Amino acid sequence: MASGVVSATAERRQASISAPPRSDVLAYAAMVLVALALRLGYILVARTYQISAIHDHFGVGFEAGSIARSIVAGEGFASPFGGSTGPTAWLAPIYPYICALAFKLLGTFTDASALALLALNSVFSALTCVPICLIAKRVFGRSVALWSGWLWAVVPLFMRWPTTWIWEMSLSAFLLAWFFYLALKLGDDPDWRQWLGFGALWGVAALTNPSLLSCLPFTLAWPAWRLRRSARPCLRPAIIAILACVVVITPWLVRNRLVFGQFVFIRGNFGFEFHMGNFHTSNGMGWSGMHPTRNLREYENYKRLGELAYLEEHQRAAMAFVRQYPGEFVRLNLKRFAIFWDGESLLYWRPHDGWRPWMFWPLSLLAACGVLLAFDRRIPEAWLFATVLLFYPTAYYISAPQVRYRHALEPLLLMLSVFLMSEFLQRVRRHARPA
């Protein structure tokens, strides 16, 4: 029975891969257009671009918006909390520079610039339909692909962040979905030029959201392993991809070295984020009272010490906590693991915005069951799904998770959930069929 199910699944996948490409292109285009129209419509109707001027418009891009204002003012990549506090590596550079372009063209902290940035987030979100369909079609079949793409387009859960937050979540989800698809595709292609582009795009992703780098080893190892199994060269393409990634991020590392006088990776604020979630009697979610945007004393301390010394101070405090309370640290990590997936972090901030944990944890549960089912069906790509889902949130497991950080993984969670439901319905139909 099990072998028959596996065989049927393989047949459906093969049939889906050979489906007429024109019909797929039309379907993908329709998804993208509908997704974009719904997102833009919500932004305009709900007027989410009208962001409060409280805390000097900090809600317009948060640290990214503050840095963008500094760039437009001619002060360079600096001052993540407003005022004039000097150069920063608090964030990776690409999204703040996107914000700076919007400010330059449409005005700093204006409704027009906020609308443009939310619209751009919506474009990234809508375009994510395409890699979702390409991945799901290759792994699970055409039916799962079309259902996944349309659900991403129309379900409000997936519109939440691109339409309300000026941040890089939508871009991160778009990039990770594409890298996942390219990892599957490159397993059949040893052409060094394809791998060169793959590595260069990973460099772009690293300069957008360094947390994505936790997925690089797996998306690189998977196609290399596939090439090795088919007795084709794998080491050279992998090295080319790694070198291309390094070349893309090196200019920013040089900038940090020149500005700070020491090596600083793409963004250097992990010590602070680590302390935000790790102190005695912490709830593991961070406390806004420790943040320079909410605590004037912290802001003045940041300004007085300079960014690197300020971050080192927080990292020392966090490490002292780990040494003194190792058991409490382990418990916090386990708690954060659960919180990352169940949406509980919504209870710690903005409780008035209408979003609740029950809207988020079912997708995590269905996706977890989908991964297990994929292993049961002996789908090879289940390993790639599992490793990316498990290791991408690693930095958040040990610092301070928020449900918005999960958005980068939601395309994968959606595909696995649709696959699970598809297999369930297939089984129901088989049992309901007359003898």
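Which value, to two decimals, describes the C-alpha radius of gyration of region 142-285 once divided by 2.2 N^0.38 Å?
Output field value: 1.28.
With charges only on Cβ, +1 for K and R and -1 for D and E, what is the dipole size of region 139-222 about its Cα centre, in debye, rounded to 20? Please report the intermediate quantities before stating the final value.
On the way: 4 positive and 4 negative charges, 38 e Å.
The calculation lands at about 180 debye.
To test your reading of the geometry: what angle, between 0 and 90 degrees and rounded to tens, separates the Cα axis of helix 62-72 from the longest principal axis of the chain?
Computed tilt is about 70 degrees.
So how strong a dipole does region 269-435 carry about its Cα centre when Lys and Arg Cβ are +1 and Asp and Glu Cβ are -1, to the nearest 20 debye? Don't jump to the answer; show the numbers that get you there.
Numbers: 19 positive and 14 negative charges, 112 e Å.
So the magnitude is around 540 debye.
What is region 168-259's relative contact order, in percent, from Cα pairs under 8 angstrom and six or more apart in sequence? Write out the running numbers ahead of the final one.
Working: 92 pairs, mean separation 34.8, N = 92.
Computed over region 168-259, the figure is 38 percent.
For a quick size check, give me the Cα extents of the chain along its three principal axes, largest first, whole Å.
Cα spread of the chain along its principal axes, largest to smallest: 77, 50, 48 Å.
Charges only on Cβ, +1 for Lys and Arg, -1 for Asp and Glu: so what's the dipole of the chain about the Cα centre, in debye to the nearest 20?
Using Cβ point charges on Lys, Arg, Asp and Glu, the chain gives about 1160 debye.
GNM on the chain, C-alpha springs below 10 Å: top fluctuator among ASN121, ASN295, ASN278?
ASN295
Treating the angle as unsigned and between 0 and 90°, give the value, to the nearest 10°, between the Cα long axis of helix 410-432 and the longest Cα principal axis of the chain.
Once rounded, the angle reads 30 degrees.
May I ask for the equivalent-ellipsoid semi-axes of region 269-435, computed as the square root of five times each C-alpha gyration tensor eigenvalue and listed largest first in whole Å? Write out the running numbers ahead of the final one.
On the way: eigenvalues 327, 56, 34 Å².
Three semi-axes, in Å: 40, 17, 13.
With viscosity set to 0.890 mPa s and temperature to 25 °C, compute the Stokes-Einstein D of region 337-407, Rh being the Kirkwood radius across alpha carbon pairs; µm²/s, no decimals. Let's see the in-between values first.
On the way: Rh = 13.2 Å.
Here the translational diffusion coefficient equals 186 µm²/s.
Build a GNM of the chain with springs between Cα atoms under 10 Å: which of PRO21, PRO401, PRO362 gets the top mean-square fluctuation?
PRO21
Determine the sum of side-chain charges near TYR392: Lys and Arg each +1, Asp and Glu each -1, restricted to other residues whose C-beta is under 15 angstrom from that of TYR392.
Working: positive: ARG336, ARG404, ARG406; negative: GLU168, GLU410.
Net charge around TYR392: +1.
Given contacts defined as C-alpha pairs under 8 Å and at least six residues apart, what's the relative contact order of region 269-435, whole-number percent?
On the way: 169 pairs, mean separation 45.6, N = 167.
Contact order relative to length: 27 percent.
When Lys and Arg each count +1 and Asp and Glu each count -1, what net charge do the other residues less than 12 Å away from TRP152, Cβ to Cβ, add up to?
Working: positive: ARG39; negative: GLU410.
It works out to a net charge of 0.
Could you estimate the translational diffusion coefficient of region 41-97 from the Stokes-Einstein equation, with Rh from the Kirkwood formula over C-alpha pairs, at 4 °C and 1.567 mPa s, in whole µm²/s?
My calculation gives 109 µm²/s for D.
Need the list of lysines near LYS185 for cross-linking: C-alpha distance under 24 angstrom, and skip anything on the same chain fewer than eight residues off.
Leaving aside lysines fewer than 8 places away in the same chain, those within reach of LYS185 are LYS137.
Per DSSP helix of 4 or more residues, -39500 (n - 2.57); summed, then divided by the residues of the chain. What does that give at 222 nm, rounded to the nearest 500? Before the final figure, lay out the partial values.
Values: 21 runs with 297 residues, N = 435.
Per the formula, -22000 deg cm²/dmol.
Can you give me the Cα centroid spacing of region 105-131 and region 184-228 in angstrom?
27
Calculate the translational D of region 70-153 in whole µm² s⁻¹ from Stokes-Einstein, where the hydrodynamic radius comes from the Kirkwood formula applied to all Cα pairs, the temperature is 20 °C and the viscosity 1.002 mPa s. Let's see the in-between values first.
Details: Rh = 15.2 Å.
D, rounded to a whole number, is 141 µm²/s.
Values in this text are rule-based calculations from the coordinates and carry no lab data. If you're wondering where the values come from, they're calculated on a predicted model, not measured in any experiment. Quick reminder, even Gly has a Cβ in these numbers, built from the backbone with ideal geometry, and neighbours come from all protein chains shown.
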